[in-house]
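The values are calculated or read from the model by the stated rules, or taken from the named source; none is laboratory data. The model shown is predicted, which means the values in this text are computed figures rather than measured ones. No Cβ is skipped: glycine too gets one built from the backbone with ideal geometry, and neighbour counts run over all protein chains shown. Areas reflect the complete protein model, heavy atoms only, side chains present, ligands, DNA and RNA absent. Shrake-Rupley method; radii C 1.70, N 1.55, O 1.52, S 1.80 Å.
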Amino acid sequence: MSDTTFTAPAIDNRWASVSRPTTPEGWLQRAEEVSDILAADAVERDAANLPPRAEVKLLKDSGLVTVLGPLKHGGGGQSWETTYKVIRTIARGDGSIGQLLGYHYLWAWATRLVATDEQIADIEQLYTEKNFLFGGAVNPRDSDLTVTDVGDDIIFTGNKSFSTGGVVSDLTVLEGILEGTVTHVFAVVPTEQPAIVFNGDWDNLGQRLTESGSVQINGVRTSWASALGFVNREFQPLTYGTLNVPAIQLVFANFYLGIAQGAIENASAYTRTKSRAWPYGGDNKANASEEWYILEGYGQLQSKLWADEALLDSVGAEISAVLHAPRTELTARRRGEIAVRIAAGKLRISEDGLEVATKVFELTGARASANSVGLDIFWRNLRTHSLHDPAPYKKREVGQYVLLNEVPEPSWYT
């Protein structure tokens with residue numbers, strides 16, 4: 001972690017005496033307000049690399065943590081279609097906090113994916129009324145946590161190399177293998193306990209404020225009753241439960257889009273106010289904003305982002321309809337078709353976003369490479385998280401669907 005003396009500024013809760021939004025438009029406006037606050041000092045906070053406690057308080061004070069929470073418990077009662085746009089909007093101001101919020105939404109929905117009706121009701125009431133933030137220790141590239149049966153309780157033990165949001169979360173989703181079996185067990189546990197130890201070792205190129213470092217799970221004890229989706233110690237599987245990967249892959253795509261939008265907004269503002277026209281081209285202009293190649297460049301980049309946004313909005317509406325439908329209705333084929341569409345959307349924004357975050361330097365000029373300008377934060381953030389899983393495998397999934405009419409089998413990455 002950084003040893004800088006930077007201190008995150010206190011954020012006034014401007015919404016303390018204001019009713020929470022009741023419409024998708026209202027929640028998106030709320031997200032815009034939060035995004036603007038985050039954007040104001042995003043570069044400085046990124047450089048300091050401190051745990052985002054003030055940022056999480058901002059998310060909680062604004063109500064954004066409970067956008068998906070049930071209305072009867074004080075939540076927003078919104079759809080995933082709106083929630084994906086909220087993630088995108090927050091990421092436009094700060095990519096790290098967009099990721100943090102997006103992961104929270106997915107882990108908060110984990111109960112809907114695999115839990116019993118009673119567990120869903122209890123956990124949604126808890127996190128909504130308490131305004132809790134979720135983290136997760138579920139990275140599938142590591143060995144699974146070991147789950148030991150000790151009578152009425154189970155004990156999770158092991159290590160995970162990534163745990164996004166862990167240090168600043170209130171609740172942690174754990175996943176492991178029941179000892180002596182191949183049965184996966186998920187449980188939601190309080191984060192603040194001696195058996196969960198965060199190593200404070202997240203210091204990466206980008207997404208620096210996501211608190212995605214490693215964690216030790218040193219014997220977290222919880223009851224069998226909290227094992228999500230188990231009835232009489234037997235798991236009750238549903239195809240619906242395999243939506244976790246498509247749902248979070250679309251979380252990724254939306255905060256990628258938000259980061260790219262932030263890049264083009266910041267770069268264009270710089271070009272309008274600070275970039276200088278090139279005086280040696282033979283077609284000299286008074287201002288950089290009149291240069292034909294600059295106009296062409298922004299036109300190309302923005303066109304790609306508009307196309308990406310349209311694709312992500314379309315598939316966001318598709319998966320939202322499924323996520324909010326009765327869980328028993330989803331078929332394996334429909335799940336696979338949605339996963340392919342999401343893979344295509346993620347591919348496009350990954351490549352187009354990186355292009356945007358790189359080419360904005362060509363459109364702003366040499367002085368825009370100064371650290372004080374901070375345009376590099378967008379490329380660093382996109383480059384870091386777009387390495388999450390290899391793009392060629394996503395391309396293959398789309399190709400197999402187009403050529404062979406095959407949909408991907410559910411896995412930790414498909």
Interchain or long-range residues, amide H under 5 Å from residue 139's placed H: 162
Choice from 114, 18, 315 showing the highest fluctuation, given a GNM over the chain with Cα pairs closer than 10 Å: 18
Helical segments meeting 27 Å axial Cα length and Kyte-Doolittle -1.0 threshold in the chain (DSSP H): 244-273, 292-323, 332-364
Where labels lie 7 Å past Cα in the beta-carbon direction, separation of residue 53 and residue 274 in nm: 3.2
20 Å tail of the calculated P(r), segment 9-121, as % of Cα pairs: 40
In Å², nearest 10: area of residue 133 left accessible to a 1.4 Å probe: 0
Over segment 221-358, relative contact order from alpha-carbon pairs under 8 Å, at least 6 apart, %: 39
Carbon and sulfur %, accessible surface of segment 1-160 computed with the full protein complex present, 1.4 Å: 48
Extension gain from residue 285 to residue 73, taking 0.36 nm per residue of separation minus the Cα-Cα distance: 70.4 nm
Furthest towards positive pole of dipole, 204, 189, 238, structure part segment 167-319, Cβ charges: 204
Karplus (6.51, -1.76, 1.60) ³J(HN,Hα), θ = phi - 60°, over segment 148-160, in Hz, Gly and Pro reported as x: 9, 7, 10, x, 7, 10, 10, 10, 9, 9, x, 9, 10
Residue 409-residue 118 FRET efficiency (beta carbon distance; Förster radius 25 Å; 0.05 resolution): 0.25
Charged-residue dipole, Cβ positions (Lys, Arg, Asp, Glu), the chain about Cα centre, Debye nearest 20: 600
Inter-centroid distance (Cα atoms) of segment 334-385 relative to segment 47-67, Å: 23
From phi via Karplus (6.51, -1.76, 1.60), per-residue ³J(HN,Hα) for segment 196-201 in Hz, x at Gly/Pro: 10, 10, 8, 8, x, 10
Quotient of Cα Rg and 2.2 N^0.38 Å for segment 247-329, N being how many residues it contains: 1.63
Average accessible surface area per residue within the chain, 1.4 Å rolling probe, Å²: 44
Segment residue 296-residue 321, length gained on full extension (0.36 nm per residue, minus Cα span): 5.2 nm
Per-q log10 I(q)/I(0), segment 294-368, q = 0.16, 0.21 Å⁻¹ (Debye; single scatterer per alpha-carbon; no solvent): -0.66, -0.89
Value at 222 nm in deg cm²/dmol, rounded to 500, when DSSP H runs of n ≥ 4 in the chain each add -39,500 (n - 2.57): -16000 deg cm²/dmol
Virtual spin-label span in nm between residue 179 and residue 221, 7 Å along Cα→Cβ: 1.4
Estimated Rh, segment 76-233: Kirkwood, alpha-carbon pairs, angstrom: 16.1
Hull shadow area, averaged, the chain [alpha-carbon convex hull, nm²]: 21.8
Accessible-area composition of segment 269-342, carbon plus sulfur, in percent [1.4 Å probe]: 55
Under-19-angstrom lysine pairs by C-alpha in the chain, whenever the two are 8 or more apart or on separate chains: 14
Residue among 311, 387, 347 with the largest mean-square fluctuation in a Gaussian network model of the chain, springs linking Cα atoms under 10 Å: 387
